Amino acid sequence: MFRPDFRNFNQFLLSLILASLVWLGAVNQEDPIVTQVFPRSVPIKLIEPANNLKVQEKSVAEANITLRGPQSLLKTLTISQLSVQADLSQLAEGSTLVDLNASIDMEGVKITAVTPPQMRVVLVGLLERTLPIRVDLLGEPAVGYQSGDESYSTNSVVVSGLLEDVNRVSEIRVEVDLAGRKDTLSRDYPLVGLDSEGKVVEGVALNPDSLNVNIPIVQLERYRELAVKANIQGTLPNGYLITGITYSPQTVTVFSNDLELVANLPSFLETVPIDISTATDDMEVNVALRLPSGLSLVNEADVLVQISIAAITNSVTVTKEIEVVGLAPDLVANLTPSQVDVILTGPAPILSRLPSNALRVRLDLAKLDVGTYVVPIVVVLERDDITAQLVTLSAKVEITRMPTPTPTRRP
């Protein structure tokens, strides 16, 4: 009968274990198993709380992860293969400690610790309320005008945000200024939530966030708004022209019980005559308006008429002899050319009366000795309202010494 030799089997098993230990030691020496903290902090991802809650505060935003595994694998690990989560989906309102759960996308490497292991979060309640919009109409349209039925894009607004902030909103108010208006108002007004003291409540959202207001403004049937027109009499002196006329006010409102008279009015009212026959400068006069019988001004007032008057700009060319200045007494200068043309530009009335001595052209020969030179021509003009332009900018100058007179012999 066969009997197994367990002594040989035990020796074989012992040899196998020793060989494995030797092999593992060799492998571990080449690629050791190490424990280390990943060199970068990992952002914490939140699993959001219930719809009526919001994270108001959290103690940390990132965590550090301690890992154990082969050194070769740890060297290749990237932050995208690591994640840290905090599950807030089952939490109630208030302050709570939440466990941080880490995971890794790499075989052969294990997570041994997350630091910190927990984070504190504070959850607050969210709220939505629907509030009516209060529109305050301020002021009145201009005299002779009235406002019609106003219309709005909506009558209410949904206010949302933190429960505490939403509850502070007491009203949604829009102020619309109609003072002095003569035309239909149509515009968007931004909406804000106000507290009981009329202060804006920050941190809440409004839907919609603006209100379109449309208010027609119409003129009453016995009123008309007419433009103002100056009744200019006479002709300006020669050389002058009107460059502009302005009015204050530019329009006036008139009234009459005669509807036919109002309907047949022209589009303007003339002033009483304004004489400009002697004007050579800007005019400013207060004048009355000429009103047809049965018509009256809503606001009786004179009209300020400002008439801008300017001289007609003209250009003339004059020829002037060149004057020499600064030349030493014993020297003589020969000029080429000896006279030049000068273009004068300015108000025609002034150009026509400009005296001949008001314009000079000169050559400054100071410090020059015998020789030939090209010297710039200088214009001397005694008026600031005229500009002068030389046709020729310089002259050639030959300077010689004055000849010594020959003595006269006595008989």
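Computed from the coordinates by the stated procedures, all read-outs in this text should not be read as laboratory data. Small disclaimer: the values here were computed from a predicted structure and weren't measured. Glycine gets a Cβ as well: all are built from the backbone with ideal geometry, and neighbour counts include every protein chain shown.
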For region 285-350 the GluC sites (Glu not before Pro) that pass both the DSSP coil test and the at-most-11 other-Cβ-within-10 Å test are GLU300
Candidates GLU150, GLU382, GLU93: whichever shows maximal mean-square fluctuation once the chain is modelled as a Gaussian network with Cα springs under 10 Å: GLU382
For region 223-311, shape from the Cα gyration tensor axes a ≥ b ≥ c, cut at a/c of 1.5 then a/b versus b/c, turns out prolate
Reach of LYS54 by Cα under 19 Å, taken over lysines that are not fewer than 8 positions away in the same chain: LYS45
Determine, for each peptide in 214-222, 260-268, the mean count of other beta carbons within 10 angstrom over its residues, then list the peptides with the highest first. 214-222, 260-268
Rounded to the nearest angstrom and ordered from largest down, what semi-axes does the equivalent ellipsoid of the chain get from its C-alpha gyration tensor (root of 5λ)? 95, 58, 15
Farthest toward positive dipole pole in the chain [+1 Lys/Arg, -1 Asp/Glu at C-beta], among PRO292, THR387, VAL375: VAL375
In region 338-411, which trypsin sites (Lys or Arg not before Pro) fall in coil by DSSP and have 11 or fewer other Cβ atoms within 10 Å? ARG353, LYS367, ARG409
So the angle from the long Cα axis of helix 6-30 to the longest Cα principal axis of the chain, reported in degrees to the nearest 10, equals 10 degrees
Over the chain, what is the relative contact order in whole percent, taking alpha-carbon pairs under 8 Å and six or more residues apart? 9 percent
Can I get the semi-axes of region 33-116's equivalent ellipsoid? Compute them from the C-alpha gyration tensor as square roots of 5 times the eigenvalues, in angstrom, largest first. 30, 11, 10
